[in-house]
1. About its Cα centre, what dipole magnitude does the chain give when the only charges are +1 on Lys and Arg Cβ and -1 on Asp and Glu Cβ, stated in debye to the nearest 20?
2. What's the FRET efficiency of ALA144 with THR87 using the Cβ-Cβ distance as r and R₀ = 45 Å, to the nearest 0.05?
3. By count of other Cβ within 10 Å, fewest leading, how are TYR157, TYR302 ordered?
4. Roughly speaking, what is the centre-to-centre gap between segment 162-194 and segment 73-131 when only Cα atoms are used, to the nearest Å?
5. Can you give the charge dipole size of segment 293-413 about its Cα centre, rounded to the nearest 20 debye, using +1 on the beta carbon of Lys and Arg and -1 on the beta carbon of Asp and Glu?
6. Rank the residues CYS263, CYS240, CYS20 as a footprinting-exposure proxy: fewest other Cβ atoms within 10 Å of their Cβ go first.
7. Between LYS129 and LYS410, what length comes free when the chain is fully extended (0.36 nm per residue of separation minus the Cα-Cα distance, one decimal in nm)?
8. Can you give me the relative contact order of segment 269-319 as a percent, contacts being Cα pairs under 8 Å and 6 or more apart?
Amino acid sequence: MTKKPVIGLLGGGQLGRMLCESAGPLGYQIAILDEENSPAKQANHNDLHVTGSFKDPAKIKLLASRSDVLTVEIEHVDTEVLEEIATVGVDVPDAQGAMTKKKVPVHPDWKTIRLIQDKYQQKEYLGQKGIPIAEQMAIADAGADRKASLQEAATKYGFPYMLKGAKGSYDGRGNFKVRSAEDFDTAVQQMGDQPLYAERWVPFEMELAVMVVRTEDDAGKLQKVMPYPVVETIHEDSVCTKVFFPPRNVSDDMQTRAQKIACDVVSHLWGRGVFAVEMFLLKDGQVIVNEIAPRPHNSGHYTIEAVPQMSQYKAQLCAIMNDFPDDFEVVPRVPSALMVNILGGAKPTSHDDLAELSRKLTNRSMDIYLHDYGKESKPGRKIGHITAIGYSSISKLVEMAQPLIASADKIRA
Ligand code: ATP
Ligand code: MG
Ligand code: MG
């Protein structure tokens, strides 16, 4: 066999772990940059891994020197060094042992990662491209009069509104719902000195998400922007807890519209890979884009079992390697799927009942798959997920999977 291509991956969490699970059978090697024994490294042993932080430029360069292409499982990475690696190159020894520069492509493009990692800039850009977004305004820097700025947002948007950290946020950890002027002091204190912005509160009926594959040829010319089906996502306290495929009681027309908006968003980005587009669906049928993730996403986990011929992980690998089948169209193998996140509870054993239940519930109309990420349990932390695939409607599946949902909700209570 010819030498297996090496994909350098920044970050070794659960997304990286599931990417590795897909990469093995496809004949791709993954070199992971993260701490020893991170979830992805547990699932993928080789001598290419780098131990350290995916924010450390020297470690990123070492990873690049061992890789044919770089990708990310998290957007909070150093894009200056990614730009340097893609445009100038990293030092590697040539056949005579002299140092030479090797350019390593980065997918998605470092420009995309840079734009997306600043959620305020990301939405400014989308707004300029005519994508519907919630109104937003930057909040004065720490040190300046933040409270006056918070008051200005209240005057513009009324209460409540959402205050968000522009960078480094995930699982709602950078979000603060401002309910009244009495919250200003707590907000200023809790959010610290990070860059902030305020967003108009969106009274959505439902949250939707669409995974989109973006492919480019070797010359960097856009080839394909292809959507997965629309899913309904449930967030509780800003963290995703459940995903339903298809969304419940959303018309086909509406789903097609959401897919079109998601594709429109991704067509304005750069590079190859899969992207998640998170959206709000309003009562009057309006769709507003919340944010983009430039990588596989929690809302796409269900594709492992529902679209096994091309899960979001397989799509990420094929896209970045420019190996995506030309005439492929996403056709799920089952009519319905439900994904339930396992979030750590008060005790390290809080989720044991849920895991146990997932082993028992499978029946002739529903199959259940447990994904344990090999992570230490902490309250609220995503430590695994369960996917149920159904052979009839989503409402029937939800009915059958009710014990799973109840058990997951109990951990959070
Ligand atoms: P993720 O883990 O998805 O990256 P995040 O930390 O980037 O999360 P957001 O996606 O901005 O956070 O927000 C998390 C959730 O908070 C949303 O899915 C939604 O439920 C709620 N939310 C965010 N913005 C608004 C808003 N403007 N109005 C109402 N609810 C909102
Ligand atoms: Mg986010
Ligand atoms: Mg989000």
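No value in this document is a laboratory result; all are computed from the given coordinates. What you see is a predicted model, and the numbers here were worked out from it, not measured in a lab. Here the Cβ is made from the backbone with ideal geometry for all residues, glycine too, and neighbour counts use every protein chain on show.
1. 380
2. Once the sixth-power term is evaluated, E becomes 0.80.
3. TYR157, TYR302
4. 28
5. Working: 14 positive and 13 negative charges, 104 e Å.
That gives a dipole near 500 debye.
6. Placing the least packed residue first, the sequence is CYS263, CYS240, CYS20.
7. 96.9 nm
8. Values: 63 pairs, mean separation 18.2, N = 51.
Computed value for segment 269-319: 36 percent relative contact order.
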